[in-house]
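Input: a single structure, listed below in structure tokens.
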Amino acid sequence: MNIILGIYGLLMLAGGVIGYKKAGSKMSLIMGIVSSVFIFIGLYLTQASPAKVYTLIAVIAVFLLGIFIKRFIKTKSF
């Protein structure tokens, strides 16, 4: 599970960088960095209480998915 979450954190960071390079969106870069930092902090904290941290990471993922779906419906592009 930690490997999957690590990959997810890297993809969030890469998505922010791609959004910045492609569209010049500073918000994409900032949110990509912030969300990936939270995911990596969560991975670090899984050593203490894995269930709580996995729940936190899942909530972050669902929140971000909601934002992406809303944006996709509005603009019809990624």
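Quick notes on this structure:
- Here the alpha carbons of the chain define both size measures, Rg and Dmax, at 13.3, 41 Å.
- GNM remark for the chain: springs join alpha carbons under 10 Å apart, and the peak mean-square fluctuation among 41, 57, 67 falls on 67.
- Once the Kirkwood radius over Cα pairs is known for segment 10-55, the Stokes-Einstein relation at 20 °C and 1.002 mPa s delivers a diffusion coefficient of 193 µm²/s.
- Looking at segment 31-78, the trypsin sites (Lys or Arg not before Pro) that sit in a DSSP loop and have at most 16 other Cβ atoms within 10 Å of their own Cβ are 76.
- Comparing 19, 42, 32 in a Gaussian network model of the chain (Cα springs below 10 Å), the most mobile by mean-square fluctuation is 19.
- For the chain, the longest principal axis of the Cα atoms and the long axis of helix 2-23 meet at an angle of about 20 degrees.
- Within the straight-line cut-off of under 23 Å between alpha carbons, the lysines reachable from residue 21 are 70, 74, 76, sequence neighbours fewer than 8 places apart in one chain being disregarded.
Rule-based calculations on the coordinates, nothing more; no lab input. All figures in this text were calculated on a predicted structure; none of them were measured in a lab. Every residue, glycine among them, receives a Cβ derived from its backbone with ideal geometry; neighbour counts consider all protein chains shown.
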